[in-house]
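Working notes for the structure below.
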Amino acid sequence: MNTILVTGGAGFIGSNFVKYYLNKYPSDTLINLDDLTYAGNLENLKDIENNANYHFIKGSICDKELLRKIFKTEIKTTLEAPNLVAHFAAESHVDRSIKDSSPFIQTNVVGTQILLDTVREFWSTTSKKRNCFLHVSTDEVYGSLGKTGLFTENNQIKPNSPYSASKASSDLLVRAYYKTFNLPVITTRCSNNYGPYQFPEKLIPLIINNIINKKPLPIYGQGLNIRDWLFVLDHCAALDTAIKQGKFGEVYNIGGNNEWTNIDIVKLICKIMDEKLGNKTSSTQLINYVTDRPGHDLRYAIDATKIKNELGWEPEHTFEKGIVATIDWYLENQVWLQEVTSGEYQKYYNKHYL
Ligand code: NAD
Ligand code: TYD
């Protein structure tokens, strides 16, 4: 039986992963350490909050003493020290990193270093259980592609935004802890995720929320930038495969082989929602081309051959079904949308990053 420490488990991907993991491994123990920033929400975990194998700790990955307490089993004596770590906690939105990169450096770089050092202090090479530190990273560390080609694990790291630079820095620390200390680490680099519980500042839930509220749909630049979209539960399955079967020191790309220009994806969401809501006028009339994001990466697209060939992972959800399921979820969870976009967030939203 494993004890897995999940960091950032109250965010979008983290909360999907926590539920996926507890459902798949009902005998394992899962500790969720999350600082509950604007992006973390315990509502996302309501379904499993009473699960006896689930334990929530509010706190930051930058809090070295708290981390040491978790590994020394001082928080709850009944809990064993984690033998697996799935590290999601991060500041994750590019636009915010353009406005202020400090929290990105603090959590994504310094926080990762503190977590790595804690794990190094407590994991011994003679452990009977598998130890694995899974670092959940992003394809954005590779920078931007031109019109053709795909990112492979051998691509150079060339980040263009403060967000991707902070993630690339943490990737390099993870690599260094493998080379220097032989820490059992694995890094995954995934393309853009979509699905339930994504904070509606990212493209897909923002567009859905704005169509519901008949607000303008902001398209940066000409809307011709391309992203490779993957359903969040496919990402969770890939992460589970990597943490359980991956080879230490390796990087695995994860992607959906599903490229869309932003404008096409926005038009598709308009079409599906207009049908569902019975709108008489097309929501595409809400499309509003706005000033481009500075340093906006043109195209991301993943070559996921390595994880397919070596670990047997492939996406299971088609985009056709995944996007409809996602839209349905937001339509059914409008209270969630209202709650997460009220208060502090409103101040940010009304003040564009430029
Ligand atoms: P998110 O912003 O929705 O969630 C981040 C979570 O981390 C929140 O619950 C937040 O409260 C928590 N957190 C932030 N700072 C913390 C700290 N100092 N200590 C503890 N918890 C803290 O992010 P997400 O979209 O779920 O992304 C999760 C991870 O996956 C990130 O590392 C991100 O870089 C990576 N990733 C995301 C995508 C994507 O499309 N969203 C794609 C590839 C990789
Ligand atoms: P986003 O969801 O922020 O993810 P990332 O920048 O990490 O890929 O943005 C996805 C794409 O959508 C990106 O090319 C920027 C664009 N975009 C808009 O055109 N309008 C918006 O309001 C947002 C949030 C993003």
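Accessible surface for the chain, divided over its residues, is 44 Å² per residue with a 1.4 Å probe.
For Leu183, the amide hydrogen comes within under 5 Å of the amide hydrogens of Tyr178, counting only partners 5 or more places away or on other chains and with H modelled in the peptide plane.
Cross-link pairs exceeding 24 Å in C-alpha to C-alpha distance, out of Lys271/Lys308; Lys147/Lys179; Lys69/Lys167; Lys214/Lys267; Lys158/Lys179; Lys267/Lys321, comprise Lys271/Lys308; Lys147/Lys179; Lys69/Lys167.
Report the residue, chosen from Thr77, Thr341, Thr284, that carries the largest GNM mean-square fluctuation when the chain is represented by alpha-carbon nodes joined by springs under 10 Å. Result for the chain, Cα springs under 10 Å: Thr77 fluctuates most.
Of Lys271, Lys167, Lys321, which is the most mobile in a GNM of the chain whose springs link Cα atoms less than 10 angstrom apart? Between Lys271, Lys167, Lys321, it is Lys321 that shows the largest mean-square fluctuation. Computed from backbone phi with θ = phi - 60° and the Karplus coefficients 6.51, -1.76 and 1.60, the 3J(HN,Hα) list for region 314-329 is 9, x, 9, 8, 6, 5, 3, 7, x, 6, 5, 4, 5, 4, 4, 4 Hz; x is used for glycine and proline.
Residues whose amide H lies under 5 Å from that of Arg293, counting only those 5 or more places away or on a different chain, are Gly221; hydrogens are built 1.01 Å from N in the peptide plane.
Averaging sequence separations of C-alpha pairs under 8 Å and six or more residues apart, then dividing by the length of the chain, give the relative contact order as a whole percent. Walk me through the intermediate numbers first.
Values: 640 pairs, mean separation 62.3, N = 354.
Normalised by residue count, the contact order of the chain is 18 percent.
Note that region 213-218 has calculated 3J(HN,Hα) couplings of 8, 6, 9, x, 9, x Hz, one per residue in order, obtained from phi through the Karplus relation 6.51 cos²θ - 1.76 cosθ + 1.60 (θ = phi - 60°); glycine and proline are x. Each DSSP beta bridge with both residues in region 3-353 is either parallel or antiparallel, and the antiparallel ones are about 10%. Each principal axis of the Cα cloud of region 101-169 was taken in turn, and the coordinate range along them, longest first, works out to 48, 29, 13 Å. The GNM of the chain, with springs linking C-alpha atoms under 10 angstrom apart, assigns the highest mean-square fluctuation among Ala301, Ala176, Ala242 to Ala176. Phi-derived couplings, Karplus 6.51 cos²θ - 1.76 cosθ + 1.60 at θ = phi - 60°, listed residue by residue for region 279-293: 5, 7, 9, 5, 5, 4, 5, 7, 4, 9, 6, 10, 3, 5, 5 Hz, with x used for Gly and Pro. Applying Stokes-Einstein at 10 °C and 1.306 mPa s to the Kirkwood radius of region 3-353, computed over alpha-carbon pairs, gives a translational diffusion coefficient of 77 µm² s⁻¹. For region 210-354, the percent of C-alpha pairs falling in each 10 Å distance bin, counted from 0 to the bin holding the largest distance, reads 10, 29, 35, 21, 6, 0. Sorted into 5 angstrom bins from 0, the C-alpha pair distances of region 137-283 split as 2, 8, 15, 19, 18, 14, 9, 7, 4, 2, 1, 0, 0 percent.
The values are calculated or read from the model by the stated rules, or taken from the named source; none is laboratory data. None of these values were measured; they are calculated from a predicted model. Keep in mind that these areas ignore ligands, DNA and RNA; they rest on the heavy atoms of the full protein, side chains included. Shrake-Rupley method; radii C 1.70, N 1.55, O 1.52, S 1.80 Å.
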